[in-house]
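Engineer: Below is one structure. I have some questions about it.
The values are calculated or read from the model by the stated rules, or taken from the named source; none is laboratory data. Computed from a predicted model, the values in this text were never measured in an experiment. Cβ coordinates were reconstructed from backbone atoms using ideal geometry, including for glycine residues, and neighbour counts include every protein chain displayed. To get the accessible areas, we keep the full protein, side chains included, count just its heavy atoms, and leave off ligands, DNA and RNA. Shrake-Rupley method; radii C 1.70, N 1.55, O 1.52, S 1.80 Å.
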Amino acid sequence: MSTAAMPEFPAGFRWGVSTSAYQIEGGVAEDGRGPSIWDTFAHSPGRIADGSTGDVACDHYHRHAEDVALMAGLGVSAYRFSIAWPRVRPSGDGPVNPSGLDFYDRLVDDLLAHDIDPVATLFHWDLPQPVQDAGGWLHRDTAPRFAEYADATAARLGDRVKLWITLNEPFVHMTLGHGMGVHAPGQLLLFDAFPVAHHQLLGHGLAVAALRTRTASPVGIANNYSPVRPAGQSDADRAAAAAYEALHNRLFTDPLLGRGYPDFPGFDPAVVRDGDLAVIAAPIDVLGVNYYNPTGVRAPEDGAPLPFELVPLDGYPRTAFDWPVVPDGLRELLGWLRDTYGDDLPPIQVTESGCAYDDAPDADGRVHDPERIAYLDGHLRAVRAAIDEGVDVTGYFVWSLLDNWEWAEGFTKRFGLVHVDFDSGARTPKSSYAWFRDLIAAARRTTAR
Ligand code: BGC
């Protein structure tokens with residue numbers, strides 16, 4: 001980790017933490033919440049590494065006041081959480097459940113009382129099970145269902161949420177959930193999963209239109225990006241890298257910014273109807289960027305089902321997920337977005353950045369996580385360098401506030417600034433929490449000068 005002082009950030013830079021509903025809330029059967037595809041998936045034997053579910057998770061549904069107090073102690077200016085569609089409209093297209101919205105209403109008011117901007121994501125992968133039963137994102141009707149849910153949510157919270165994020169990482173939901181079957185809903189369709197991309201993007205566009213009628217707050221989307229590194233300089237490796245880049249980085253950005261779909265192998269024009277691209281390209285105010293690591297790619301073997309093969313990137317430290325730690329990849333990525341999309345690119349907020357390590361309390365009950373401090377330090381310097389290079393980045397959210405339920409990995413991967421004992425629910429701020437708190441306080445002092 002660099003010993004040099006952290007460079008100053010622009011005045012008004014948003015310092016935040018991120019979470020998502022199914023990963024922290026628990027309370028899955030309370031106040032009228034219906035089942036989501038993640039309840040179904042987690043309860044299916046063999047799907048989750050440790051056999052756990054999100055039934056209780058961090059019990060945030062009951063401990064939210066304690067968690068807001070932790071955020072206030074950290075000094076963040078924003079909290080990005082997600083709203084569970086199955087709490088708000090459990091059947092997907094039936095009546096709105098006011099008690100489900102009550103929970104978020106209280107949370108939003110509590111955040112505002114602590115001077116923390118509520119940033120709400122409308123879809124972080126927890127589709128109501130009845131919507132899945134009717135075809136899910138493979139089916140076009142899910143897009144208007146999503147917009148109706150967005151409308152109902154903004155009718156209640158639109159006066160207080162400070163930034164709306166429609167979808168979280170539609171790329172990951174398509175590939176892991178529908179292409180490879182390792183996330184809910186567990187479908188293994190490979191490139192036949194393309195309708196899931198288009199219908200999510202269409203849902204995004206329809207939701208943007210609905211949100212505009214309910215709120216004056218900015219609206220955006222949070223995409224997952226990964227700089228792509230070809231394993232070698234051969235034409236075949238470069239072609240493989242270009243194919244992967246189209247899938248991971250362009251498929252969910254080109255149409256959003258008015259450029260239509262990139263050339264990529266799964267594209268099925270039959271799914272795209274007249275007018276859809278204009279709906280998808282509705283102007284957004286913020287592009288959310290979730291960055292974890294770059295991806296190494298080489299040409300596939302002859303006859304392989306995919307036009308690329310993913311290869312490990314050697315020579316970097318690794319997290320407990322075995323992901324390479326490459327802070328400069330974030331600077332590279334932000335520059336790539338600016339160079340690729342130019343004036344079409346809205347201001348960026350880094351809506352997720354973080355790492356998993358096997359953090360455990362020591363004999364005194366304290367949790368030391370120097371690797372996370374080094375990780376965040378490096379990534380913030382990378383953001384600062386990108387700003388120096390002319391990229392308009394206006395915020396940074398750490399993934400995550402709490403150790404939580406990490407999807408197919410269950411409770412085995414800890415991403416939090418705050419350690420959670422998953423038996424008792426006890427929260428213990430880690431040393432990275434103190435580090436981030438001090439960094440935010442120092443940044444506020446210098447920008448207030
Ligand atoms: C997701 C989070 C997840 C994190 C770490 C992102 O892809 O949005 O829900 O916990 O990565 O895997």
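Rundown of residues vs (1) crowded, with 23+ Cβ neighbours inside 10 Å; (2) basic (K, R); (3) on the phi > 0 side of the Ramachandran plot; (4) assigned to a loop (DSSP other than H, G, I, E, B), yes/no style:
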residue	(1), (2), (3), (4)
A360	no, no, no, yes
A363	no, no, no, yes
H368	no, no, no, yes
R372	yes, yes, no, no
H379	yes, no, no, no
A385	no, no, no, no
G390	no, no, yes, yes
T394	no, no, no, no
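Engineer: Next up: State whether the residues of region 398-408 include one that is of a type in the set (S, T, Y), open to solvent by less than 20 Å² (accessible area, probe 1.4 Å) and more than 15 Å from the ligand (Cβ to nearest atom).
Structural biologist: no
Engineer: Any idea how many residues of region 119-160 are without any contact (Cβ under 8 Å) to a residue 12 or more places away in the chain and open to solvent by less than 30 Å² (accessible area, probe 1.4 Å)?
Structural biologist: In the first step, residues of region 119-160 are kept if they are without any contact (Cβ under 8 Å) to a residue 12 or more places away in the chain; the result is 133, 135, 141.
After this cut, where a residue has to be open to solvent by less than 30 Å² (accessible area, probe 1.4 Å) as well, the list is 135.
Total meeting the criteria: 1.
Engineer: If I filter region 61-74 for residues that are within 16 Å of the ligand (Cβ to nearest atom), open to solvent by less than 10 Å² (accessible area, probe 1.4 Å) and touching a residue at least 40 places away in the same chain (Cβ under 8 Å), do I get at least one hit?
Structural biologist: no
Engineer: When you go through H199, H248 one by one, which is the residue that is open to solvent by less than 60 Å² (accessible area, probe 1.4 Å), within 16 Å of the ligand (Cβ to nearest atom) and assigned to a helix (DSSP H, G or I)?
Structural biologist: It is H248.
Engineer: When you go through E301, E332 one by one, which is the residue that is open to solvent by 30 Å² or more (accessible area, probe 1.4 Å) and within 12 Å of V228 (Cα to Cα)?
Structural biologist: Going through E301, E332 in turn, the sole match is E332.
Engineer: Moving on. If you take the residues in region 414-430 that are part of a loop (DSSP other than H, G, I, E, B) and more than 12 Å from the ligand (Cβ to nearest atom), which one is most open to solvent (accessible area, probe 1.4 Å)?
Structural biologist: D423
Engineer: Tell me the residue from V108, V96, V131 that is away from the ligand (no atom under 16 Å from the Cβ) and part of a loop (DSSP other than H, G, I, E, B), please.
Structural biologist: V96
Engineer: Follow-up question, since we're still on this one. What are the pairs, 6+ residues apart or on separate chains, where a residue within region 1-25 that is closer than 18 Å to F397 by Cβ and part of a helix (DSSP H, G or I) has its Cβ under 9 Å from a residue that is among the hydroxyl-bearing types (S, T, Y) and away from the ligand (no atom under 16 Å from the Cβ)?
Structural biologist: I24/Y61
Engineer: Of a type in the set (D, E, K, R), open to solvent by 20 Å² or more (accessible area, probe 1.4 Å), outside any helix (DSSP H, G or I) and in contact (Cβ under 8 Å) with a residue 24 or more places away in the chain - does that describe any residue in region 212-228?
Structural biologist: No: zero hits.
Engineer: Do the conditions hold for F411, that is, is it closer than 22 Å to A49 by Cβ, open to solvent by 40 Å² or more (accessible area, probe 1.4 Å) and within 14 Å of the ligand (Cβ to nearest atom)?
Structural biologist: yes
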